[in-house]
Amino acid sequence: MGRRLTFDIFRYNPSVPGSTPRIQTFQLEETPGMNLFVALTRLREEQDPSLKFDFVCRMALCGSCGMLINGRPRLACKTFTRDLPAQINLFPLPVFKLLGDLSVDTGTWFRNLALKTGAWLHTSRAFEHDAREERMDNETALRIYEAERCIECGCCLAACAKVHLQKEFIGAAGINRLVRFMLDPRDERGVAQYFEVLGSENGIYGCMGLMGCEDNCPKDLPLQLQLAYIRRRLAATGVSRSQTRQGKG
Amino acid sequence: MPDKPEALGPNPRVDLYLELAGLVSGLLLVTFLWVHAFLNATVILGAPVFDGMARFLERYYLSPVGIGLGLLVGLIHVLSVARRIPTGYREQRSLWRVARKLRHADTYAWILQVITGLIILVLASTHIWVVLADWPLQAAKSAFRVQTNYLSFYIILLLVAEYHAGAGIYRQFVKWGWFRRRSVALAVGTAVALILTVNLGGLWAFHQLGVAR
Ligand code: HEM
Ligand code: SF4
Ligand code: SF4
């Protein structure tokens, strides 16, 4: 027989007039191998169909189900009830816009980030759809892949005190996303241009090295080394004035 | 991409410079603190050795230069890191709330760094004031202080300063370095333990000086 789990879940639907934030308590029998995706689905099917939460892939690839599980940002699909006490508190991720209950809008945040920082491949070459893809050496490809593994779940942002203190700080996810293009040989921007975007208190020099990001990234991205890498690269460019002016570093 | 996505004012590198000022001043202060530890510990070899060291530093003007530079670097340090100290109720509240929810060691370590920094500001000023008021430096005078009112004061200042210095270089290596956190913590922890031993040895020797007399 499984444990009897108690869930205290944040309920609030800002789009429903008259809705006020409250905590609702649910009870559920634990089953073997139960993760929070299973638990929440059962709660919604058996106890309260109005409970809002997000899921798509159920396998830690889509980044939709980030939430605060007993205070820490986690993916619900990757968190098993057996690793938690019988009392489980669920809150929506902070930082992002609340859609209702446990559901938040991470998409707008990441889209704004991309627009603000130019987080896409910048090239002057026209795309030729029938041309063969250019080759890239394996080491570079792997390094890009390491950054590209980010699923934009937002856990690192919720876990970063600096993000909470300074809304415009783009956090580890934002910086990591720019590193991905900086590493890409097809991107034609020089380091100096990246400095313009990232070399400030809202970019890498706002990071205080608290490592909440790395310790809470469900994909185990090597964020410490990633952040340190870009910090050094940009500092080398930033201290030599002339290069900053020319654009290509 | 827009050329300048955000208007940073006339010098877009100022955030980097502030960061570098914090880094360099912090590292220089750690150097000062650790050199200070070994100079202090010469008293373990006896009062005459300590007094000889003090006279040597005096003869080549190393004392006033060292203290003066230390104060200058300290001033630069405080000015460059002050921007990070969460002032105001809202900042304090969100910082403590995140830390408490996350129960996250490195975040708490940073909060403690800010608190110890502020304590050092008060205690170190007092320490420098007291020593300068009774210049020149002599083992007998220091021993008198350690044995009368100042022992607990020095122990607190020592622990607070070593924590602050250790956590500071740890974070700087995490922020700039090539090594994973575990190795950095191990290396810094070892260094701090060593320096702490040297310092406590010095204090103990000052404490014994009077007893022998
Ligand atoms: C014995 C004297 C001191 C030593 C050896 C020392 C050392 C350091 C080091 C190595 C750092 C890391 C640098 C950085 O994070 O930018 C640091 C950071 C810091 N120090 Fe000090 N410090 C001393 C005195 C003080 C004082 C008097 C204050 C008072 C305001 C202070 C406040 C801070 C703060 C707030 C930080 C964090 C800055 C950040 O996270 O960006 N320190 N200190
Ligand atoms: S870096 Fe990690 S925690 Fe941050 S958004 Fe990407 S996958 Fe999520
Ligand atoms: S290291 Fe800290 S301050 Fe920097 S992004 Fe990560 S959690 Fe935020």
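The values are calculated or read from the model by the stated rules, or taken from the named source; none is laboratory data. Computed from a predicted structure; not experimentally measured. A quick note on method: Cβ atoms are made from the backbone with ideal geometry, for glycine too, and the neighbour counts reach across all protein chains shown. Note: areas computed on protein heavy atoms with side chains; ligands, DNA, RNA excluded. Shrake-Rupley method; radii C 1.70, N 1.55, O 1.52, S 1.80 Å.
Return yes when B:Leu196 is assigned to a helix (DSSP H, G or I), out of contact with any Asp or Glu (no Cβ under 8 Å at 6 or more places or on another chain) and not charged (D, E, K, R) and no when it is not. No: the conditions fail for B:Leu196. The numbered conditions (1) within 14 Å of chain B (Cβ to nearest Cβ); (2) more than 9 Å from ligand 2 (Cβ to nearest atom); (3) in contact with a helix residue (DSSP H, G or I) (Cβ under 6 Å, 6 or more places away or on another chain); (4) touching a residue at least 24 places away in the same chain (Cβ under 8 Å) are all true for A:Gly171 except (2). Within the option set B:Asp134, B:Asp106, being open to solvent by less than 40 Å² (accessible area, probe 1.4 Å), more than 17 Å from the chain's Cα centre (by Cα) and acidic (Asp, Glu) holds for one residue only, B:Asp106. Within the set A:Arg231, A:Arg186, the sole residue that is within 8 Å of chain B (Cβ to nearest Cβ) and either open to solvent by 20 Å² or more (accessible area, probe 1.4 Å) or in a helix (DSSP H, G or I) (or both) turns out to be A:Arg231. Counting only strands (runs of 3 or more DSSP E) that sit wholly inside the stretch A:1-115, those with at least 3 residues that are touching a residue at least 24 places away in the same chain (Cβ under 8 Å) and more than 23 Å from the chain's Cα centre (by Cα) are A:4-11, A:22-29. When B:Ala99 is tested against the conditions (1) free of Cβ contacts under 8 Å to residues at least 60 places away in the same chain; (2) more than 10 Å from ligand 1 (Cβ to nearest atom); (3) closer than 30 Å to B:Ala205 by Cβ; (4) open to solvent by less than 40 Å² (accessible area, probe 1.4 Å), the lone failure is (3).
Of everything in the stretch A:41-95, what is β-branched (Val, Ile, Thr), touching a strand residue (DSSP E or B) at 6+ places or on another chain (Cβ under 7 Å) and within 14 Å of chain B (Cβ to nearest Cβ)? Give them in sequence order. Outline the logic, then answer.
Initial filter on the stretch A:41-95 (β-branched (Val, Ile, Thr)): A:41, A:56, A:69, A:79, A:81, A:88, A:95.
Within this subset, residues satisfying the condition of being touching a strand residue (DSSP E or B) at 6+ places or on another chain (Cβ under 7 Å) are A:69, A:79, A:81, A:88.
Residue satisfying the conditions is A:Ile69 alone.
Among the numbered conditions (1) within 26 Å of B:Ser94 (Cβ to Cβ); (2) more than 7 Å from every other protein chain (Cβ to nearest Cβ); (3) over 15 Å from the mean Cα position of the chain (by Cα), the only one that A:Gly209 does not meet is (2). Checking the structure you have, find out if any residue of the stretch B:52-73 is over 26 Å from B:Ala41 (Cα atoms), among the acidic types (Asp, Glu) and either in contact with a strand residue (DSSP E or B) (Cβ under 6 Å, 6 or more places away or on another chain) or part of a helix (DSSP H, G or I) (or both). Checked the stretch B:52-73: no residue is over 26 Å from B:Ala41 (Cα atoms), among the acidic types (Asp, Glu) and either in contact with a strand residue (DSSP E or B) (Cβ under 6 Å, 6 or more places away or on another chain) or part of a helix (DSSP H, G or I) (or both).
The set of residues in the stretch A:109-129 that are more than 14 Å from every other protein chain (Cβ to nearest Cβ), open to solvent by 70 Å² or more (accessible area, probe 1.4 Å) and over 20 Å from A:Arg186 (Cβ atoms) contains only A:Arg111.
Restricting attention to the stretch B:171-181, does a residue exist that is more than 16 Å from ligand 3 (Cβ to nearest atom) and in a helix (DSSP H, G or I)? Within the stretch B:171-181, none of the residues are more than 16 Å from ligand 3 (Cβ to nearest atom) and in a helix (DSSP H, G or I).
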